[in-house]
Amino acid sequence: MQKVYIYKKFERFWHWCQAALIFFLALTGFEIHDSFHLFGFEKAVAFHRSASYLLLGLIAFSIFWHFTTGEWKQYIPTFSKLQAQIRYYTIGMFKGEPHPTIKSVRKKLNPLQAVVYLGFKLVMAPMVILSGLLYMYYKSFDVNDMVVALNIPLEWIAVIHTLGAFLLISFVVVHVYMTTTGHTITTNIKAMITGWEELEDAEDITEEGKIKKSQS
């Protein structure tokens, strides 16, 4: 086992900011739906709108970062060992079986994670963002006959946005659970805080050469 610097500063910043914004959007979104009362309806709407703009800005920066650093390649899906990975999470890890894939700097995501995260970026996130923008600016679009041309009732947009939000929340819940499946319950969370993680095979060394032997 060796400890490798695997998550860069911006990667960790983007990850935690995105998580915080998603939770805050869920909180204010539920209040807008009158599930509970915390900020008050008007403030909840204002906070929800502001948080959505911040998330859009963060997504724009993260897309730029992924493409300029080549990190987008991490999300290229592969079906190699996908079935073995699913079996590991459902049965194997409870029997103490070894992990079917080896994590490295160049391969941070296992086959199942790559497929799920790609689905998040290409389906869930766009679904919530586009429906949210349509909902916020429905009157502007309607005045210009844009929504009429698309023939999308406001009620449908609201349903699509809410469905996307529940899918997003489900993704976050599963993601939080999966962080507990490392060498210890807190291993993966610590890695996303410090950037360092214990890997079984440390063939990949970052450009900074930041690699050190585990203290364990």
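The figures follow:
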read-out	value
Unit Cα scatterers, Debye sum, the chain: log10 I(q)/I(0) for q = 0.10, 0.18 Å⁻¹	-0.56, -1.36
Selected from Ile59, Ile76, Ile91 as most flexible by GNM, with the chain as the system and alpha-carbon contacts under 10 Å	Ile91
Links that overshoot a 31 Å alpha carbon limit, given the list Lys81/Lys121; Lys43/Lys190; Lys8/Lys121	Lys43/Lys190
Relative contact order (%) - the chain, alpha-carbon pairs under 8 angstrom, separation at least six	37 percent
For segment 2-213, size of Cβ-based charge dipole, Lys and Arg +1, Asp and Glu -1, in debye	680 debye
Ile129 paired with Glu71, simple spin-label distance in nm, labels 7 Å along Cα-to-beta-carbon	1.6 nm
Candidates Glu11, Glu155, Glu198, ranked by Gaussian network fluctuation over the chain, Cα under 10 Å, top entry	Glu155
Proximal charge balance of Ser62 [Cβ under 10 Å; K/R count +1, D/E count -1]	-1
Under 15 Å from the Trp156 label point (7 Å along Cα→beta-carbon), backbone N, segment 85-128	none
Highest-MSF residue in the chain out of Leu38, Leu134, Leu154 [GNM, Cα springs under 10 Å]	Leu38
Computed lengthening from Phe166 to Glu42, 0.36 nm per intervening residue step minus Cα-Cα distance	42.4 nm
Pairwise centroid distance, computed over Cα atoms, of segment 27-92 with segment 179-202, Å	21 Å
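Where a number appears in this text, it was derived from the coordinates with a stated rule and is not lab data. Please read these numbers as outputs of a predicted model, since none were measured by experiment. No Cβ is skipped: glycine too gets one built from the backbone with ideal geometry, and neighbour counts run over all protein chains shown.
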